[in-house]
1. Tell me, please, whether a residue that is out of contact with any strand residue (DSSP E or B) (no Cβ under 7 Å at 6 or more places or on another chain), within 23 Å of residue 133 (Cβ to Cβ) and either modelled with pLDDT of 90 or more or in a strand (DSSP E or B) (or both) can be found in region 92-108.
2. Identify all residues within region 86-137 that are surrounded by 19 or more Cβ atoms within 10 Å (Cβ to Cβ) and at positive phi; write none if there are none.
3. In region 180-202, which residues are crowded, with 18+ Cβ neighbours inside 10 Å and either closer than 16 Å to residue 116 by Cα or out of contact with any helix residue (DSSP H, G or I) (no Cβ under 9 Å at 6 or more places or on another chain) (or both)?
4. Looking only at region 28-62, count how many residues are over 18 Å from residue 150 (Cβ atoms) and touching a helix residue (DSSP H, G or I) at 6+ places or on another chain (Cβ under 7 Å).
5. Of the conditions (1) outside any loop (DSSP other than H, G, I, E, B); (2) at pLDDT below 90, residue 71 clears all except one; give me its number.
6. Scan (1) surrounded by 15 or more Cβ atoms within 10 Å (Cβ to Cβ); (2) over 16 Å from the mean Cα position of the chain (by Cα); (3) over 25 Å from residue 113 (Cβ atoms) for the single condition residue 211 breaks and write down its number.
7. Test residue 291 against the stated conditions and say whether it is surrounded by fewer than 19 Cβ atoms within 10 Å (Cβ to Cβ) and under 20 Å from residue 355 (Cβ atoms).
8. If you scan region 270-295, which residues turn out to be closer than 13 Å to residue 242 by Cα, part of a strand (DSSP E or B) and in contact (Cβ under 8 Å) with a residue 40 or more places away in the chain?
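The values are calculated or read from the model by the stated rules, or taken from the named source; none is laboratory data. Predicted model only: the values in this text are computed from it and were never measured. Here Cβ is always computed from backbone atoms with ideal geometry, including for glycine, and neighbour counts include all displayed protein chains.
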């Protein structure tokens, strides 16, 4: 099979060959879950550019290496090999997956309450109560080809359960690390996060590569409230500071009164990088609030896509929904596509959206230069000021500093690379 092929017969053949190596292959319930996903894939296949949501996507890149798999092997890496990634601190719990498999020796979970369940999904399926896991996963009747492939082929991931009334005392950092491979590979990760009534947790999900090799990641994270209770709150900061081709899909439904959802998304792209964010928030109950804020900074020939949808059901009166998209183009060759969508069936609502695309103010650059600041540094300062809002509301000071430093490093590298390309 060639990396770009999605021939159905080849997909089924790969699944049959791979099946015995996947977690839960001896469980009839898990096996049926995976087989059902393959049946759905047979019916719907992969997306194509005729579909509106994929019209601006680099589907050819997404389809590369779908069926080039890693095998679980013992690693010689130690924590010192990963310290430069900023994974380890007394202020966080760290769960590390290397090439798609949980690494207990590289993780740091000491001090976590016994009442909080934090496990490798693969271990939980093979050693725990897999029926509970299957019950948590929604019925797999989706036309999303990549989601079906994830259900069929996932090798590992994080299973987190926080009981009623409990708060995790430190952030949990789930880190997916890809080692330097001799061939391109694709990792399939599945995270399931279950929260009881009046529980809370701060969770960080990150993806790193230890080499320059090409690889793919197909990751699905499901957040499952045990009870659909009022006054729930979900806050998400999504920061893309790397990756050649990336697509994020966030789907949220507010199903009880006085729920709140705040999404902040930031893309910083350079070279030929491509980044997409597709967001759908469904207001299904009255008196709920949602905020979508997207920003992108684009260098060189990179491009970004933002599709933001707000759906307000007929009974969702007193909805307050806001959406904004702001992009900063630092190259004449960069491109951004933004598409706000509102679908409103209630009468008493406040819904708004706005989008801007622009360049750095030359007057502001000149002003900073007149104060003795070099032009590259002035541009970097203004770009950072544009980005900083997206992390300013992170309550944990250590995490906030971590992400601010990440943004600065990305702006430094991208600005330096862009200037170098211009001067050569």
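1. Quick first cut of region 92-108, residues out of contact with any strand residue (DSSP E or B) (no Cβ under 7 Å at 6 or more places or on another chain) only: 104-105.
When the remaining residues are screened for being within 23 Å of residue 133 (Cβ to Cβ), the result is 104.
If we keep only those that are either modelled with pLDDT of 90 or more or in a strand (DSSP E or B) (or both) as well, we get 104.
Yes, there is a match, as at least one residue in region 92-108 is out of contact with any strand residue (DSSP E or B) (no Cβ under 7 Å at 6 or more places or on another chain), within 23 Å of residue 133 (Cβ to Cβ) and either modelled with pLDDT of 90 or more or in a strand (DSSP E or B) (or both).
2. 99, 100
3. Residues of region 180-202 crowded, with 18+ Cβ neighbours inside 10 Å: 185-195, 199.
Passing the criteria: 185, 187, 191, 192, 193, 194, 195, 199.
4. Within region 28-62, the subset over 18 Å from residue 150 (Cβ atoms) is 28, 48-52, 55-56, 58, 60.
Those still in the list that are touching a helix residue (DSSP H, G or I) at 6+ places or on another chain (Cβ under 7 Å) too: 48-49.
Counting residues in region 28-62 that are over 18 Å from residue 150 (Cβ atoms) and touching a helix residue (DSSP H, G or I) at 6+ places or on another chain (Cβ under 7 Å) gives 2.
5. The single condition residue 71 does not satisfy is (1).
6. Just one mismatch for residue 211, condition (1).
7. Working: surrounded by fewer than 19 Cβ atoms within 10 Å (Cβ to Cβ): yes; under 20 Å from residue 355 (Cβ atoms): yes.
Yes, satisfied.
8. Filtering region 270-295 for residues closer than 13 Å to residue 242 by Cα gives 270-276.
Subset that is part of a strand (DSSP E or B): 274-276.
The answer is 274, 276.
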